[in-house]
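The values are calculated or read from the model by the stated rules, or taken from the named source; none is laboratory data. Just so you know, these numbers come straight off a predicted model, no measurement behind them. Using ideal geometry, Cβ is built from the backbone for each residue, glycine included, and neighbour counts are taken over all protein chains shown.
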Amino acid sequence: MYESPVRRYIVPGAIVIAGIVIALGVYLLRAPLHLDWFGADDTAQAIFRAPSLADHTLGNPAAPVRVVEYCDMDTPYCKQFEGVMEAVVAAYGPSGQVSWTYRHFPNQEAHATASRDAQAAECAAAEGGPRAFFGFLDAWSAATTTDASTYAAVANALSLPADDFQTCIGSGTFADEVQASYNEAVAAGADGAPYTVISITGKEPFVISGALPFDGMNAVIKQSLAQVNAK
């Protein structure tokens, strides 16, 4: 039987493209509770550490849906996802349904100052309180250039004691803490940033690899809340 040359190449090509699309979906969202056709990813189930008072959290710490994000604050995708999560907290935080916890996952190979910048955020929190941490992230994301010279401008914008802030950074006060957060992310299966664990009361946690837009994250939150309310 004659087989069209076009058909001969289009069909295998379509299969390859479909495989790429599915693989991309698995990378962006590995969530067995919501997308069963992607398969279960139980990586987070064994090693997940629930948020504590030592973490940086916006929203109700005892929320039924808790979003724990491991991120490199110098990565464009993390800066993008930060805005998404702030919008999520604005939508669901007042009702106490959702919280967002930020943990460090500095990529030193891609950004030589990633660890130091993460430590600077910790120093901001130490000098200015919990809100100063997220204020530092916002200012850092909005800055047109991000290097050591940016620290002073950010400290000024947040009304932090400049000398104490700089001393904290220079002394490496939070170097071990940032490294521990990095190690924890790796142990949790993170291979890129952002890497997010969703914890739902009464359910196994699941992970999201990559930065979802607000609509995508909002859909995940709604489905997670449905899991909470399901009998």
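For this structure, a couple of remarks:
- The number of residues in segment 190-218 that are farther than 30 Å from SER115 by Cα and without any contact (Cβ under 8 Å) to a residue 24 or more places away in the chain comes to 1.
- Among the residues making up segment 57-82, those that are in a helix (DSSP H, G or I) and either over 19 Å from ALA188 (Cβ atoms) or outside the structural domain of ASP215 (by TED's automatic domain parsing) (or both) are PRO76, LYS79, GLN80, GLU82.
- Verdict on ALA211 being more than 19 Å from ALA63 (Cβ to Cβ) and small (Gly, Ala, Ser): yes
- Segment 131-146 - residue that is farther than 13 Å from MET73 by Cα and modelled with pLDDT of 85 or more and, of those, surrounded by the most Cβ atoms within 10 Å (Cβ to Cβ): ALA132
- Pairs are defined by a Cβ separation below 9 Å, a sequence spacing of at least 6 or placement on different chains, a first member in segment 219-231 that is touching a residue at least 60 places away in the same chain (Cβ under 8 Å), and a second member that is assigned to a helix (DSSP H, G or I); the pairs so defined are ILE221/VAL88; ILE221/ALA91; ILE221/TYR92; LEU225/TYR92.
- Scanning segment 147-163 for residues that are assigned to a helix (DSSP H, G or I) and surrounded by fewer than 13 Cβ atoms within 10 Å (Cβ to Cβ) gives ALA153, ASN156, ASP163.
- Residues located in segment 83-114, provided they are crowded, with 22+ Cβ neighbours inside 10 Å, in contact with a helix residue (DSSP H, G or I) (Cβ under 8 Å, 6 or more places away or on another chain) and in a helix (DSSP H, G or I): MET85, VAL88, TYR92
- Residue within segment 170-189 that is in contact with a strand residue (DSSP E or B) (Cβ under 7 Å, 6 or more places away or on another chain), surrounded by 14 or more Cβ atoms within 10 Å (Cβ to Cβ) and among the polar types (S, T, N, Q) present: yes
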